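Read-outs: derived from the displayed coordinates by stated rules, not from any lab. From a predicted model like this one, the values you see are computed outputs, not experimental measurements. Don't worry about glycine lacking a Cβ; one is built from the backbone with ideal geometry, like all the others, and counts go over all protein chains shown.
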Amino acid sequence: MAYIITRLCRDCVDTGCVGVCPVDCIYEYTGSDKATFPNQLYIHPDECIDCGACEPECPWQAIFEEVAVPGSFADDTKLNYKMMDSADDFARKKVEKKEKPTAEQIEANKKKWGL
């Protein structure tokens, strides 16, 4: 099992999780198929060691232990695994300084994605 980054990360792409990952298993999509792989971060399932360090660092609350991914985000689990089929189109994400979202922004993002 691995940790899963869900659609709550889409277009937010905060890299707090990247900075604490001890095995550098968090990637960004660099290919051209944006319909399949939207603008968000992805955790490589075979590289993730299930340490959980990333989950509390995500200000958007977008990361879940695989068994705890909300049912409405089940496709996001499949998407994180699908990245293994296109590994050449992914690159390890570098840490970038970003302003943290407000509680209102977090709630609006959750509502946008049906959570």
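Tell me, V67, V18 in order of fewest to most beta-carbon neighbours within 10 Å?
Listing V67, V18 from fewest to most nearby Cβ atoms yields V67, V18.
Around the Cα centre of the chain, unit charges on the Cβ atoms of Lys, Arg, Asp and Glu (plus for the first two, minus for the last two) sum to a dipole of about 420 debye. Residues D75, D11, arranged from fewest to most other Cβ atoms within 10 angstrom of their Cβ, appear as D11, D75.
Using only the Cα atoms, work out Rg/Rh for the chain, with Rh taken as the Kirkwood radius, to two decimals.
Radius of gyration relative to Kirkwood radius: 0.92.
Among residues other than G31 with Cβ under 13 Å from its Cβ, the summed charge is -3 (Lys and Arg +1, Asp and Glu -1). Note on K98: lysines with a C-alpha under 23 Å away, same-chain residues under 8 apart excluded, are K34, K110, K111, K112. By the beta-carbon count within 10 Å of each Cβ, the least crowded to most crowded order of T77, T6, fewest first, is T77, T6.
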